[in-house]
Amino acid sequence: MDVIKLWNDKQEREMYENFAELFAIIKATEKLEKAYVRDVISSSEYEVECQKLIAHFKTLSSTLKYAIPSVEKFHETYKLDCPAAINRLVVSGVPATVEHRAAAAISSAASASVVAECVQNFITAMDSLKLNMVAVDQVHPLLSDLSASLNKLNLLGPDFEGKVKMKEWIVRLAKMGAADELTEQQARQLHFDLESSYNSFMAALPSAGT
């Protein structure tokens, strides 16, 4: 019985062996991704194994650049049907656990930035009233900025005192002329509402884990 050779020389044989290894890496990554999604493997075990597969993949794909310019094309040609592996190896390049940590860090940093923005807007509005800046065209922009920053913070519900009160004041000011001024009583009430809302805002932060 004749033996059919897939290669003609050592170099070609090595290329096919590398093809087989790439095939195996993609398949193994697909199984690992599914195991992680189904909680069959712990996050720490998943991350270690995924890092290894990604490292092997990067080394091998670099070696095979001349023969496989597109891993996606290789995936399609050999009908691998491993979309999760292609996403992890080609698109992402890092384990899902690393992606999640990065996303959490970005989210946390963004929240901290918005909290700082809210605090600054509260203080600016209160200080402006103390300086007798009570004209509508002076007060309205400050309250609008404060309301916008409060609405950016997901940890505050729609019924949060500060959101409700600022919305009420903005509606009230919108009915007045730009050159109109708050009366002394209105200015005192607004300052009181700002201070009360600020205290509620600061009290809400610890409960949200900020």
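Taken as a whole, the condition of being under 30 Å from Asn18 (Cβ atoms), open to solvent by less than 20 Å² (accessible area, probe 1.4 Å) and of a type in the set (A, V, I, L, M, F, W, C) does not apply to Ala125.
Listed here are the residues, each with its yes/no results for (1) among the aliphatic types (A, V, I, L, M); (2) open to solvent by 80 Å² or more (accessible area, probe 1.4 Å); (3) in contact (Cβ under 8 Å) with a residue 12 or more places away in the chain.
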| residue | (1), (2), (3) |
| --- | --- |
| Glu14 | no, yes, no |
| Lys31 | no, yes, no |
| Cys50 | no, no, yes |
| Ile68 | yes, no, yes |
| Val71 | yes, no, yes |
| His75 | no, no, yes |
| Ile86 | yes, no, yes |
| Val91 | yes, yes, no |
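Return yes when His56 is more than 30 Å from Leu205 (Cβ to Cβ), assigned to a helix (DSSP H, G or I), open to solvent by 80 Å² or more (accessible area, probe 1.4 Å) and not polar (S, T, N, Q) and no when it is not. When the stated conditions are applied, His56 passes them. Here the condition is being outside the structural domain of Leu32 (by the TED database), touching a residue at least 60 places away in the same chain (Cβ under 8 Å) and over 30 Å from Gln51 (Cα atoms); of Leu182, Leu190, Leu155, it holds for Leu190 alone. Taken as a whole, the condition of being aliphatic (A, V, I, L, M), outside the structural domain of Arg88 (by the TED database) and open to solvent by less than 40 Å² (accessible area, probe 1.4 Å) applies to Val139. Contact map, segment 167-178: first residue in the same structural domain as Val136 (by the TED database), second residue of a type in the set (A, V, I, L, M, F, W, C), Cβ cut-off under 6 Å, separation 6 or more or different chains; pairs are Trp169/Leu143; Ile170/Leu143; Leu173/Val136; Met176/Val136; Ala178/Val136.
Among the criteria (1) over 26 Å from the mean Cα position of the chain (by Cα); (2) farther than 30 Å from Asp145 by Cβ, the one Val48 does not fulfil is (1). Can we say Asn199 is open to solvent by 60 Å² or more (accessible area, probe 1.4 Å) and over 30 Å from Leu53 (Cβ atoms)? Yes.
The values are calculated or read from the model by the stated rules, or taken from the named source; none is laboratory data. None of the values given here were measured: they were computed from a predicted structure. Cβ: placed from backbone, ideal geometry, glycine included. Neighbour counts: every protein chain shown. These accessible areas exclude ligands, DNA and RNA; they are computed on the full protein's heavy atoms, side chains included. Shrake-Rupley method; radii C 1.70, N 1.55, O 1.52, S 1.80 Å.
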